[in-house]
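Following: one structure in structure tokens, then a few remarks.
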Amino acid sequence: MKSRKVTLFLNSDRGVVPKGSAEIFFRKVKFWKGDEAEEAPPVFNVDGVNYIHAKVAGLMFVATTRANVSPSLVLELLQRIARVIKDYLGVLNEDSLRKNFVLVYELLDEVIDFGYPQMTSTEVLKSYVFNEPIVVDSSRMPTLGPAVMFMQSTKRMPGTAVTKSVVANEPGVRKRDEIFVDIIEKISVTFSSSGYILTSEIDGTIQMKSYLSGNPDIRLALNEDLSIGRNVGNSMYDYRSSAGGGTVILDDCNFHESVHLDNFDLDRTLSLVPPDGEFSVMNYRMTQEFKPPFRINALIEEAGPLKAEVIIKIRADFSSSVTGNTIVVQMPVPKYTTRVSFELESGAIGQATDFKETNKKLEWSLNKIVGGAEHTLRAKLTFSQESHGNLTKEAGPVSMNFTIPMYNASKLQVRYLQIAKKSKTYNPYRWVRYVTQANSYVARL
């Protein structure tokens with residue numbers, strides 16, 4: 001049975017957009033036909049109506065308008081709406097939306113008034129929205145969010161960590177005081193055909209979700225040698241472990257409005273009273289050279305009349321105590337490729353290959369890669385016609401997606417998380433987690 005995508009529609013034009021816009025959007029996205037695009041873009045226009053959508057946890061949040069609005073603003077609004085709904089429902093999926101339709105409608109009525117955004121703060125909305133959510137058992141639902149990525153740490157988080165509502169009160173259950181801090185980094189790297197790094201960048205965020213009662217003061221300490229602003233000629237490229245020290249130089253950063261920076265220049269500590277719900281304490285960007293977690297080498301060459309061979313090697317350049325998950329490697333092949341046969345290493349476990357004939361792509365999936373490991377894929381291509389010149393111009397580049405729990409490439413670390421004590425026995429749970437994901441990880445042929 002194929003999974004269905006639930007769509008949440010926001011009509012910003014007070015009845016100007018036709019009533020059938022939801023069906024138009026669904027059919028357009030499902031049967032999208034664009035210039036070499038597999039999926040519909042976040043923004044497109046049909047019959048004068050702008051459709052702007054964001055995918056969050058397998059769901060689609062859509063806004064429609066005839067006006068010439070800023071797509072970035074609307075996409076940010078949709079992401080914030082999804083976050084507010086998740087804060088209230090705990091679990092963001094089809095079942096929770098259906099069971100809490102009245103609550104979601106009430107939230108949207110407060111967030112958007114007559115097509116104009118009003119507020120997206122969970123803490124402020126608690127003063128206006130009084131319906132209690134119907135709690136959905138997350139254990140019966142497939143994991144849609146990043147929660148499963150953190151289960152490999154030695155200190156495991158509780159199973160309900162990221163699926164609890166910030167407003168629901170369970171009868172007979174004592175509220176557990178705990179706080180979660182996630183350092184999430186999305187890295188972009190481009191390798192040349194000979195393996196050298198052409199471009200590299202890290203977009204990171206420090207996410208916080210608080211279940212602390214009484215809103216206590218919090219101090220979050222970062223690396224003491226953290227520098228803001230790039231110094232020309234200063235290279236950070238070394239091969240030490242990401243868990244080690246070393247100067248961290250960020251190009252720029254911004255902070256949540258609740259963060260106080262009185263001592264930030266002195267000892268790199270952030271002081272704040274965390275609001276309810278999930279929020280970004282700090283966003284940062286780094287373009288200094290860093291050690292990429294994976295190395296990719298790819299080669300394509302002719303192997304006879306109407307044939308070619310592809311060799312792809314990936315190496316995990318991180319500690320053996322760290323494991324990369326859900327690795328997917330893709331490579332476009334010439335349009336006249338008719339058949340592909342794959343050859344994996346002997347004894348390969350948890351690996352799968354596929355030839356996407358509709359868009360002419362090779363796909364190589366690996367469940368996990370342990371640090372220090374190296375894997376190779378060989379593929380033999382069969383063509384319907386002779387190649388027109390250089391094969392490297394008709395194939396590639398190789399792209400890679402992955403998730404690495406408890407690893408961060410920038411070396412940004414949380415030294416300590418201090419919570420103001422209300423009593424001698426007050427000792428809330430603290431969870432600090434790291435994860436690195438691929439944003440654009442590409443190797444040229």
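Taking a 20 Å limit on the Cα-Cα distance, which of the listed pairs 335/393; 55/126; 55/86 fall beyond it? Listed pairs above 20 Å: 55/126.
Accessible surface of residue 27, taken over heavy atoms with a 1.4 Å probe and every protein chain present, rounds to 130 Å².
Ligands, DNA and RNA aside, residue 83 has an accessible area near 90 Å² when probed at 1.4 Å.
The listed residues 217, 182, 262 rank as 262, 217, 182 when sorted by accessible area, largest first, using a 1.4 Å probe. Gyration tensor over the Cα atoms of segment 6-125: the corresponding equivalent ellipsoid has semi-axes (square roots of 5 times the eigenvalues, largest first) of 24, 17, 13 Å.
Quick note on segment 294-405: its Rg to Rh ratio, both from C-alpha atoms and Rh being the Kirkwood radius, is 1.00. As a length-normalised measure over Cα pairs under 8 Å and 6 or more apart, the relative contact order of segment 16-65 settles at 25 percent. Principal axis analysis of the Cα atoms in segment 382-426 yields extents of 78, 19, 12 Å, listed in decreasing size. Once all protein chains are placed together, residue 60 keeps about 10 Å² accessible to a 1.4 angstrom probe. With a 1.4 Å probe rolled over the protein heavy atoms of all chains, the accessible area of 260, 388, 375, 53 falls in the order 388, 260, 375, 53, largest first. For segment 6-125, DSSP calls about 70 percent of its internal beta bridges antiparallel.
Relative contact order, whole percent, for segment 286-380 stands at 36, derived from Cα pairs under 8 Å and 6 or more residues apart. Mean sequence separation of contacting Cα pairs (under 8 Å, at least six apart), scaled by the length of segment 6-125, corresponds to a relative contact order of 25 percent.
The values are calculated or read from the model by the stated rules, or taken from the named source; none is laboratory data. Given the structure is predicted, the values throughout are model-derived calculations rather than measurements. Keep in mind that these areas ignore ligands, DNA and RNA; they rest on the heavy atoms of the full protein, side chains included. Shrake-Rupley method; radii C 1.70, N 1.55, O 1.52, S 1.80 Å.
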